[in-house]
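The values are calculated or read from the model by the stated rules, or taken from the named source; none is laboratory data. For clarity, every value in this text was computed on a predicted model and none was experimentally measured. Here the Cβ is made from the backbone with ideal geometry for all residues, glycine too, and neighbour counts use every protein chain on show. These accessible areas exclude ligands, DNA and RNA; they are computed on the full protein's heavy atoms, side chains included. Shrake-Rupley method; radii C 1.70, N 1.55, O 1.52, S 1.80 Å.
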Amino acid sequence: GAGVSQSPSNKVTEKGKDVELRCDPISGHTALYWYRQRLGQGLEFLIYFQGNSAPDKSGLPSDRFSAERTGESVSTLTIQRTQQEDSAVYLCASSVHVVSPLHFGNGTRLTVT
Amino acid sequence: DQQVKQNSPSLSVQEGRISILNCDYTNSMFDYFLWYKKYPAEGPTFLISISSIKDKNEDGRFTVFLNKSAKHLSLHIVPSQPGDSAVYFCAASGIEKGQGFSFIFGKGTRLLVKP
């Protein structure tokens, strides 16, 4: 079946512009996560959605970052006024429920020039 | 402060030998652990998991060991194959008071299996 789909796969933007990244989770997965991986670093947790519960935003690095999820479907991660330090691969993952493995998409590589 | 640590950034082993990848964690509330493999330009792929009620889980060539008292887990790959060359991440999660259920990842260990 279809896995987690992320778009775009690559995004180059100028400093100060806003970007929107999209994630289509696996159908039926109630939990959705956003992570980012900067060059040479590990996976940094950003935000987590579980069903209709309030999202866990504890990993968002600043108020320029926000994310939404419609029900148990698509999620968008928005970065406003992008900075060069935002350059990273942004990974989305979904899971059937909280105590189950995450299934990752291939990520969006964001480059801020 | 890193809650999940993979202290070896890289590891090189000969094909057919055992690969041992280590991971340490600091939060005693963690009770579910995962290992992932990542190839360049791809998302991480789930390998194997273990919950804190067990100390070992095996799946084919992959075995994960959990030592709760030492807050340490390890992934054993035997026999190692050249196709196993990738970056390996361990991840831990648990219900934290007042928060959701988020997985914390280590920085990864790059495994190279030489033919």
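Only one of the listed residues (B:K68, B:K37, B:K56) is touching a residue at least 24 places away in the same chain (Cβ under 8 Å) and among the basic types (K, R). That residue is B:K37. Only residues that are within 9 Å of another protein chain (Cβ to nearest Cβ) and either over 10 Å from the mean Cα position of the chain (by Cα) or within 11 Å of A:R69 (Cβ to Cβ) (or both) were counted in segment A:10-36, giving 2. Test A:F104 against the stated conditions and say whether it is within 8 Å of another protein chain (Cβ to nearest Cβ) and either surrounded by fewer than 18 Cβ atoms within 10 Å (Cβ to Cβ) or touching a residue at least 60 places away in the same chain (Cβ under 8 Å) (or both). Here the answer is yes, as A:F104 does meet what is asked.
The set of residues in segment A:61-102 being within 26 Å of B:P40 (Cα to Cα) and out of contact with any strand residue (DSSP E or B) (no Cβ under 6 Å at 6 or more places or on another chain) consists of A:P61, A:Q83, A:E85, A:V96, A:S100. Apart from one condition, B:D24 fits all of (1) under 29 Å from A:G3 (Cα atoms); (2) in a strand (DSSP E or B); (3) of a type in the set (D, E, K, R); the exception is (1). Can you tell me which residues in segment B:32-51 are surrounded by fewer than 17 Cβ atoms within 10 Å (Cβ to Cβ) and under 14 Å from the mean Cα position of the chain (by Cα)? B:T45, B:S51 - these are the residues of segment B:32-51 that are surrounded by fewer than 17 Cβ atoms within 10 Å (Cβ to Cβ) and under 14 Å from the mean Cα position of the chain (by Cα). In summary, A:L77 fulfils each of the numbered conditions (1) more than 14 Å from chain B (Cβ to nearest Cβ); (2) open to solvent by 20 Å² or more (accessible area, probe 1.4 Å); (3) closer than 26 Å to B:G108 by Cα; (4) not in a loop (DSSP other than H, G, I, E, B) with the single exception of condition (2).
Of all residues in segment A:44-99, those being in contact (Cβ under 8 Å) with a residue 24 or more places away in the chain and of a type in the set (S, T, N, Q) number 12.
Considering segment A:39-69, the residues that are in a loop (DSSP other than H, G, I, E, B) and within 19 Å of A:V19 (Cβ to Cβ) include one that is most open to solvent (accessible area, probe 1.4 Å), namely A:L39.
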